[in-house]
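Q: Just passing along the structure, written as structure tokens.
Every number in this text was worked out from the coordinates using simple rules, so none of it is lab data. Keep in mind that this is a model prediction, so the values were computed, not measured. Cβ: placed from backbone, ideal geometry, glycine included. Neighbour counts: every protein chain shown.
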Amino acid sequence: MGWRQALRRVGVLALTCLVLGGWPSAAGAADTVAFTITDQRITESSGLARDTAANIYWTVNDSGDTGVAYGITPKGKVSGTLNFRAEPRDVEAVSEVNDRLYVGDIGDNGAERDMVTVYYFNSPRANGLTVTYKSWDFRYPDGAHDAETLLVNSAGRLFIVTKDTKGAIYAAPKEPKTSGVNKLTKVGDAPAGVTDGVFLPGDQQIALLRGIAVDVIDAKTYQTVASAAVPKQPQAESLAVSLDEKSLLVGSEGKKSKVYAMPVPGTETPSPSPTPSQTSDSDGQDVPDEEPDATTGQSRQGTFLALGLAAFAAVVAGLVVGFARRG
């Protein structure tokens with residue numbers, strides 16, 4: 001190959017990169033690991049909830065464990081447990097709202113349970129003690145369903161999201177009875193295969209985890225308003241709002257499972273701020289500015305590299321044209 005032909009090929013590659021919008025990168029940005037759950041007792045973390053009063057997260061094991069919830073520090077260490085004398089069948093979800101902890105015994109892989117149960121504890125503490133509990137029993141209006149998602153809004157209203165191929169959202173009565181069985185009411189459709197979810201701050205939207213992605217839906221219409229892929233994991237099972245409300249946390253089953261932080265879908269590129277301290281979303285609700293994350297410097301370096309490569313490509317393209325004319 002002659003030097004002119006080689007130079008022409010380099011110029012074509014440079015021009016192609018310019019047209020496509022940049023030079024191929026060697027590696028993408030790394031996923032952000034918030035913490036790793038290393039405690040040997042937690043082998044199937046199947047739910048995650050923040051407790052701002054205690055500055056911890058709560059998690060529970062999937063089916064097979066006893067009545068226990070684990071308190072986890074922001075660094076992933078177990079600070080203690082909350083134990084209760086019950087024999088749950090298939091615990092799949094946990095939530096904490098207004099200093100009340102909810103544990104959802106709502107799993108039903110064979111869709112054969114006559115009812116499901118939600119245990120709740122006022123002023124929960126991860127101190128290793130065995131405490132008394134109260135519970136509600138619920139029944140679906142249209143037969144048994146498998147579910148792994150328990151939603152609780154700031155008013156304490158409970159919702160269960162099924163894991164069916166045609167998912168649905170069921171609302172509990174505003175004031176469930178501790179005696180007898182409470183009837184659930186279907187209020188909307190949901191994506192298929194939802195494994196966890198949480199009301200976002202303000203109760204206007206709900207985030208739902210469905211394996212490879214998080215969908216944000218409107219809390220009144222239940223229509224999807226935004227979606228985003230989750231970091232790659234063995235089996236994404238748990239979803240929570242971070243203690244500082246700046247991100248979503250996505251956890252997986254398995255030993256030594258990693259919990260990843262990701263932006264709330266739809267907030268990755270905030271609009272210009274009317275004030276230095278806050279921005280407004282499309283509904284006029286004030287939302288906090290996001291702090292620069294650990295990848296900000298990498299993004300800037302990537303931008304400078306792209307600009308440098310673009311300039312190099314332009315120079316090469318000019319040389320190609322010049323040599324071609326001389327030839």
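Q: For the stretch 79-158, would you read off the P(r) tail past 18 Å as a percentage of all alpha carbon pairs?
A: 42
Q: Right, here's the next one. Taking θ = phi - 60°, what integer Hz values does the Karplus form 6.51 cos²θ - 1.76 cosθ + 1.60 yield along the stretch 114-123, in sequence order, with x for Gly and Pro?
A: With coefficients 6.51, -1.76 and 1.60, one gets 6, 7, 10, 10, 10, 8, 9, 9, 7, 6 Hz.
Q: Arrange the following residues from fewest to most other Cβ atoms within 10 Å of their Cβ: Thr59, Thr267, Thr66.
A: Placing the least packed residue first, the sequence is Thr66, Thr267, Thr59.
Q: What list of ³J(HN,Hα) couplings, whole Hz, do you get for the stretch 184-190 from phi and the Karplus terms 6.51, -1.76, 1.60, once you set θ to phi - 60° and write x for glycine and proline?
A: For the stretch 184-190, the Karplus curve yields 7, 10, 6, 10, x, 8, 9 Hz.
Q: Here's something else I'd like to know. Which value does Rg/Rh take for the stretch 29-107 over its C-alpha atoms, Rh per Kirkwood?
A: A ratio of 0.97.
Q: Hey, with R₀ at 35 Å, roughly what FRET efficiency would Thr52 and Glu87 work out to, going by the Cβ-Cβ distance, to 0.05?
A: Here the calculated transfer efficiency is 0.70.
Q: Something else now. What list of ³J(HN,Hα) couplings, whole Hz, do you get for the stretch 147-161 from phi and the Karplus terms 6.51, -1.76, 1.60, once you set θ to phi - 60° and write x for glycine and proline?
A: Once θ is set to phi - 60°, the couplings for the stretch 147-161 become 8, 10, 10, 10, 9, 9, 7, 5, 8, x, 7, 9, 9, 10, 10 Hz.
Q: Rounded to the nearest 0.05, what FRET efficiency is calculated for Asn122 and Lys256 with R0 set to 45 Å and r the Cβ-Cβ distance?
A: Once the sixth-power term is evaluated, E becomes 0.90.
Q: Report the label-to-label distance for Ala192 and Asn153 in nanometres (one decimal), using points 7 Å from each Cα along the Cα→Cβ vector.
A: So the label points at Ala192 and Asn153 sit 2.9 nm apart.
Q: Now a separate question. List the residues whose amide H sits under 5 Å from the amide H of Gly211, counting only those 5 or more places along or on another chain, with H placed 1.01 Å from N in the peptide plane.
A: Thr195
Q: Show which lysines lie in cross-link reach of Lys255 when reach means a straight Cα distance below 18 angstrom and same-chain residues fewer than eight apart are skipped.
A: Lys75, Lys77, Lys232
Q: Tally Lys/Arg at +1 and Asp/Glu at -1 over every other residue whose Cβ is under 13 Å from the Cβ of Ile217; what's the total?
A: -2
Q: Would you mind checking which residues have amide H under 5 Å from Asp108's amide H? H placed 1.01 Å from N; only 5 or more apart, or other chain.
A: Ala147
Q: Still on this structure: Hey, with R₀ at 25 Å, roughly what FRET efficiency would Tyr222 and Val181 work out to, going by the Cβ-Cβ distance, to 0.05?
A: The computed FRET efficiency comes out at 0.50.
Q: In cubic angstrom, how much convex hull volume per residue do the alpha carbon atoms of the stretch 132-260 span?
A: 136
Q: Mind checking the full-extension length gain between Ala213 and Ala229? Use 0.36 nm per residue of separation minus the Cα-Cα distance, one decimal, nm.
A: Once the chain is fully extended between Ala213 and Ala229, it gains 5.3 nm.
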